[in-house]
Structure formats: structure tokens, C-alpha cells
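The values are calculated or read from the model by the stated rules, or taken from the named source; none is laboratory data. Being a predicted model, the structure only gives us computed values, none of them experimental. Reconstructed Cβ throughout: ideal geometry from the backbone, glycine too, with neighbour counts over all protein chains shown. Keep in mind that these areas ignore ligands, DNA and RNA; they rest on the heavy atoms of the full protein, side chains included. Shrake-Rupley method; radii C 1.70, N 1.55, O 1.52, S 1.80 Å.
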Amino acid sequence: MARAFWGERIEAIRAQRADAPGNHARCAVSHRDGARCSVDGRELLNFCSDDYLGLSQHYAVIGALQDAVAAQGAGGSGSHLACGRHQTHERLEQEIADWLGTPRALLFGSRYLANLAVLQSLLDEDDVCAQDALNHGSLVDAARLAGCRLRRYPHGDPEGAIRQLRSMPDGMAMVATEGVFSADGDIAPLRQLALVARVQHALLYVDDAHGIGVVGPEGRGSVAAADLGVDQVPLQLASLGKALGGQGAVVAGTHELIEHLADTARPYLFTTALPPAQAAAGLTALKLARKDHWRRQKLAELVAHFRERAQRAGLALLDSQTPIQPLLVGDDACAASMAAALQRAGYWVEAAASPTVGESQARLRITLSALHAPADIDGLIEAMSGARDRARAEARVAAISRGVAP
């Protein structure tokens, strides 16, 4: 049997991706001003950013970053166990823990690293991890790299989770879920999952990257919104790169679990620490998110405004009350056509097509920010309605050309 040549493999994959309707080239942003940005020479209104509270460009956050760079330099300079750990890291961890009501917290360079750290440090080949079918790819990758037995339950289905755990009664068990799902914007049934975890003696881990700062009392996320504490959810993830507008992620939880992560998690031990300047920016953004309740109020009003206008226009939104508002389109080619038409009209909206989502489940993923105005949303709805009508007309023409009745 001949060994496969790497060049032929990547060429075949490249050709397959090129034929996919949802395939698109990476764009380069040259300038941002609020919700507006310059992208490959075009001025677009951004509706695909995760900067939900509009903090990434806040003058106080930028000032904290600049001051810390001047004092501490641009990089982390080493791992946490060497010379990379800084007092600003500790202050950020303490502030997050205080906000979320947990004993301890631990800072990571990214959400991806944090999820790898949690699952790899706690699970091995004899253990099982039950995950929601729509979990972020970093949670899926983390389970696979941990070597544990990964089981997926139907989206938002606690009964499915308990069936998966009952089928594998040996070893340690974990239930891992997003709090607010990055694909559809809906919120996990955390109270029911907490009951599943208790009955099955499993650890419930909530990746709340898209919930922190946005949902729950004082923006404390989906765990707080479900009125759960560290006894029911021993570990949760808070991203610094979504509503807080920066970089990095923090895992918050019990003293014992956080100490275990700090001592054993390879993605924490064997990587350069987050630059102190980024931690300083995150700390400032966190304090703003805690006190500026008007940002969440404005965001909630924009979400309601968007959904009301979309319903009036006959646009099929999925059920979400968060800033992530998916428009179900169905056909991959139709989603790609609509996204391209929206860019021509001056709106940046990304299409999600198979295999990222299921067959006939293509959608546009619209995200809202406190930086938007109601008039921005009105313009987007009008452009989306026009893009939908054009995409439907294109689909009818294509069906007729193939000899298929539209």
C-alpha cells in the first residue's frame, strides 16, 4: 500500500471547499469606527462581530492597554510558571471570581486553550463527556484530545444527556455545554442539566463565552440567569473576547478545581502567558461591564426591535433573545447569495452552511451590538428582505435550467 502524498490530499480538500456554496475568502479589516468598518476597500456596517457591549473601542479600555504596554511591554515574556505571571493577571482573576461568585478563577490566552485545559486535565480514556450537539468546536476538540469517550446528545435535550450518561456508568463523567450557543443564540437548559449532573454524579461545565456580560443579573451570564451557583456548576468559562471586547478567557470555579487546573493543565503550563496589557484592558472592560447596565438595556431593546422588524418583513428567525440572531435560509447557495448581496448593500453578515450546520439548515448569523442604532437595524432588515427575494428568484431560475419545477 503506497503512502499518501500530503500535496494531493490538501489539493483534493481545497477543490472540495472551492465547490462548496458557503465557502468564502477571508477578509481584511483596515479600520473600525464603532459598528462601521473598512473591509477590503469597502465601507460596511458590521453585523457579524461579537463585540456585544461595544467595549473593544472604549477609550478607557484602550487607555488601560496603552498604559500597560508602556509600563510592561507588549508580550507575556514567558509561561505562568516562569516569569509570565503578573499582578494584573491576579487582579483580573480576582475580579472575575468576585463578579461570578466563585472562590477562584484562572486566566488563559483564549477560549480554545481554556476548554482544552479543562477537559484534558480532568478526563482520560476511561471517562465519558456528554456534550450538546451544537457545542462549539473547541469543546468537541477538547474531548477528543483528552481521549475520553465523547457522547453527543440532541440539542437542548437534558433527557438525551442522561441517557448518554446512563449508557456508560463507569469512570468519571462530565456534562459540557455552552451557556449561550454561538450558532443559534439560544440558552442551554442549565437547571435541568444541573439535575442530570447531580443524579449521575457528573461535573457540569458551562462554556459561557457568549453569555458573560450579556445575560443574567448584572450580566453575570447564563449560570446566574438560571439561579445556579458553584455547587451546581463547579466550573464555568468567561470569555474576554466577546462582550468584554478583548482577548483571553477565564475559567472560574471551586478552589480545588482551579488549583488542579493551575497545577496540571498543559494548555496553561506550556504556553506564554497573556500579555499583561491585554489583562489590564480586560480588567477595565470588566469593570465597565459590571457598572454600565445601560449597555445591556440598549442591547435588549435592539434585539426586540430587530425581531419585531424581521417578523413584520416575514423573515424566519430562530428563537433567540440574545444578540445572536440567526435567520434560517435552508439552502446553502441561497445563504451565500444573500450574504454577498448584503455586502454589496453595505452590510457585513456571515453565512453558515453545511457542514458547519446540518443539511438544509443554512442560515445567516446576525449579531447585534450596543454600537448599533435602530436605524442601522431598519436598513439591514430592508436589505435582507431584498436579498431574500433575489436569492429566491435565482433559485427558481436555477431550478428551471435543471428542468426541475420551482
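Here are the numbers for the structure shown:
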| read-out | value |
| --- | --- |
| Estimated dipole of the chain in Debye, rounded to 20 [Cβ of Lys and Arg +1, of Asp and Glu -1, Cα centre] | 760 |
| Table column - 3J(HN,Hα) (Hz), region 156-161, Karplus curve with 6.51, -1.76, 1.60, x for Gly and Pro | x, 10, x, 5, x, 5 |
| Between 0 and 90°, nearest 10: helix 59-72 axis offset from the chain longest Cα axis | 50 |
| Centroid-to-centroid separation of region 26-56 and region 244-302 [C-alpha atoms, Å] | 23 |
| From phi via Karplus (6.51, -1.76, 1.60), per-residue ³J(HN,Hα) for region 248-263 in Hz, x at Gly/Pro | x, 8, 10, 9, 10, x, 5, 4, 5, 5, 5, 5, 4, 4, 4, 8 |
| Mean ellipticity per residue at 222 nm, deg cm²/dmol - from DSSP H runs of n ≥ 4 across the chain, formula -39500 (n - 2.57) | -14000 deg cm²/dmol |
| Kirkwood Rh (inverse of mean 1/r, distinct Cα pairs), region 260-372, angstrom | 17.2 |
| For the chain: relative contact order, % (alpha-carbon pairs under 8 angstrom, 6 or more apart) | 21 |
| Average accessible area per residue (Å²) across the chain - probe 1.4 Å, nucleic acids and ligands excluded | 46 |
| Per-selection Kirkwood Rh - region 28-160 (Cα, Å, 1 d.p.) | 18.6 |
| P(r) weight above 27 Å for region 95-225, C-alpha pairs, percent | 13 |
| Nearby aspartates and glutamates by direct alpha-carbon distance to LYS287 (threshold 14 angstrom, same-chain neighbours under 8 apart not counted) | GLU93, GLU95, ASP98, GLU218 |
| Tensor-based shape of region 166-279 (alpha-carbon gyration tensor, a/c under 1.5 rounded, otherwise prolate or oblate) | oblate |
| Karplus 3J(HN,Hα) series, Hz, for region 88-97 with 6.51 cos²θ - 1.76 cosθ + 1.60 (x for Gly, Pro) | 5, 4, 5, 5, 5, 4, 5, 5, 4, 4 |
| Relative contact order of region 216-326, pairs being alpha-carbon contacts under 8 Å that are 6 or more residues apart, as % | 18 |
| 5 angstrom amide H check on CYS48, placed H, neighbours 5+ away | THR367 |
| Projected-area average for the chain over all orientations - Cα convex hull basis, square nanometres | 23.3 |
| Of all accessible heavy-atom area on region 19-110, the percent that carbon and sulfur account for (1.4 Å) | 48 |
| Rounded to 10°, Cα long-axis angle of helix 332-344 versus longest principal axis of the chain | 90 |
| Degrees between helix 374-401 axis and first principal axis of the chain (Cα, 0 to 90, nearest 10) | 60 |
| Debye-sum result for region 25-94 in log10 I(q)/I(0), which assumes one identical scatterer on each alpha carbon, at q = 0.13 Å⁻¹ | -0.60 |
| Rounded accessible area of HIS31 (nearest 10 Å², 1.4 Å probe) | 110 |
| Distant-in-sequence amide H partners of GLU350 (H built 1.01 Å from N, under 5 Å) | ARG365 |
